[in-house]
Every structure is written in C-alpha cells, then in structure tokens.
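> Can you read through this structure? Questions will come right after.
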Amino acid sequence: MRSFAITASLLLAGCASAPAGVATTPPPPAPAPAPAPAEVAKPPVALQYLYGSPEAAAAVRATNARIADYGVWRIRERPKDSVVLAPGATMDAPAFEPCGDKPFAAVFDADETLIWNLGPMRHFAEKGTAFDPKVWDQWEKSGAGKAIAMPGTVQMVNALRAAGITVIANTNRSAVNAKGSEDTLRAAGLGEFRHGETLFLMGDDASGSSKDGRRATIASKYCVIILGGDQLGDFSQQFNVRDLPAATRMALATGPAASALWDKGWFLFPNPVYGPWERLAWDDAFPSDKQWEPK
C-alpha cells in the first residue's frame, strides 16, 4: 500500500511541474451533478379526497351519525316492513319483506362502507395497476390491522348494538377468506362478525356478486331497518343489471321509490374511487345539449 502511495505522489508531482509547452493529460471532466430525485407522484384525486380530506371525513361522519339516530328512532314504533325489497319487486313497483316480530338488524357493505382499505388502494395507485384479484385475495387474508374503520363508524355500530339492533355485514369479499374478513373488521374496532350469522360473503349462495339472495336470507330472520353501502348494488341488484343504460340507472336511483328511501332506511356513503359509474361516457356525464365551447 505504501509503494502505491509513493508512486501516485511522484506521478502527481510530475504533472504539476511539467515544463511549459509540454503537453499533459487533461484532468477528467467533473462528474455531472446527480439528478434531483423525481418528485413523488401524488395519489389520484379520488384517493386524495376519500382517504385524506377533511371534507370526506365530515361527510362520512355525518352519514354515520344519521344512521345511528335513524336506527334508534325507527325501533320506537315497530315498522310493518323492512327496507329489503321482496323477491320480484322493482323500483317501479316496490314491495318489501315483512317484519312480523323478527328482531331488528342493520345491514352494511364492508369495503368503503364500514372500513377503508388503505393498503391495496395505495398499492394499486402507486404501481399504476388496475384492480388485481390476486392482490385483493392476499389483502382479504392478511389485511387485519391495516384497514381502518371509517370516521364515525365505530360510534355508529356501537350505538345500534346498544339499542338492540344486530349489525350485519353483507360484502362481496370471498367466503373462502371468511376468517381474514372477521379479523379485519375486529381489528378495525368494529367488534365481532361471524360468518353465516352476522357476516355474509360472496360464495355463500349461487348468486355470485349479487347480494339480493343474501339480503333475502338475512330478511327472513331479521326486520332489516337499515341498509348501508357505497354502491347501488348494496340496495338492489336491479341497479346493476348488465348493459343497463346510464339514463335508466339514474332514473331508478332518483325516482319516487328510491327517493323515499334515501336517508330513510337506505344510506349511501361517498366513494369516488371505484364503482359501476366508471363506465360512463362523455355524453352520459355531460349531456350533449349542454355542451359549451369558448369563442
């Protein structure tokens, strides 16, 4: 090591004292400055709003407060019918499952209704990937402690239970991963949900992603006074009929029958992140007769 140091010193000395006019090897160019780290991309606007904004937190908390107040008020006078549509009923000709003397229940979707799925939503956004069923399957199995209760949800669920109303989750999570979903809801502070009793999952019947069959099963045992969800399919599958025109879907959701139920048994949570409305075309969202162009 020492001889290398001496040799290097002599070479440097020789370069420094070279006679005038004698060419020397130019020093290597200075390394280019390291590029500044790229700015970390922000989450998509919909995720910023739903998961991070006080505006969404306030809206969700207000919805949960309305649900709790409505449930406590509704059971004071036993309703004749539940808010679950009877088999064969339509929004044009609504009819509901009778209550009789069944115990009261409130039925909720799970994802983006009782809990926010922060883990996979961030993963999909950061990776720039679409929804991946394999990733979601892992999330259902191992997401306990990583999903959080939505603002005001714990208080709402506790208030309903204290009033004697059974809280039930009806979700399109997989029945194969029932334990993972039970663990996730418990870890989020929402108490115990038991598969087949207070937790109903896709695969519990032959209806696939339609929740109508599971709703009917629940309504056969309970007087359901509250339905809560973030998609219209959480209230009736007729909103999700394949190839249903956007205008027809809008008319069903805003017509007299549905309007009589919103915030009066049916409670919808904001979710700008995902849903059937993602298929809307320009003219569905912006009617052509309202088109405007600056001159």
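FYI, it's all coordinate maths here, none of it is from the lab. Remember, it's a predicted structure, so these values are computed and weren't measured experimentally. Don't worry about glycine lacking a Cβ; one is built from the backbone with ideal geometry, like all the others, and counts go over all protein chains shown.
> Grab the other residues whose beta carbon is less than 14 angstrom from that of Gly88, score K and R as +1, D and E as -1, and report the net. The partial results should precede the final answer.
Working: positive: Arg215; negative: Asp92, Glu97, Asp212.
Local net charge: -2.
> With a bin width of 10 angstrom, please list the P(r) values of region 177-295 as percents of all Cα-Cα pairs, from the 0 bin to the one holding the largest distance.
The calculated distribution, bin by bin, is 10, 33, 34, 15, 5, 2, 0.
> Also: Over what distance in Å are the Cα centres of region 47-99 and region 166-218 separated?
Here the answer is 18 Å between Cα centres.
> When we measure straight from the Cα of Lys264, which lysines land under 20 angstrom away, once same-chain ones fewer than 8 places off are left out?
Within reach: Lys80, Lys102.
> So, by mean Cβ neighbours within 10 angstrom, what's the order for 236-248, 153-165 with the highest one leading? Mind showing how you got there, number by number?
Numbers: 236-248: 13.5, 153-165: 18.4.
Packing proxy ranking, top to bottom: 153-165, 236-248.
> Report, by chain and number, residues whose modeled amide H sits under 5 Å from the one on Trp266, excluding near sequence neighbours (fewer than 5 apart, same chain).
Leu227
> Among Ala247, Gly229, Val273, whose Cα projects farthest towards the positive end of the dipole of region 175-295, with charges put on the beta-carbon of Lys, Arg (+1) and Asp, Glu (-1)?
Highest projection toward the positive end goes to Gly229.
> Taking the alpha carbon gyration tensor of the chain, what are the square roots of 5 times its eigenvalues, largest first, to the nearest whole Å?
Working: eigenvalues 692, 127, 59 Å².
Each semi-axis is √(5λ); the values are 59, 25, 17 Å.
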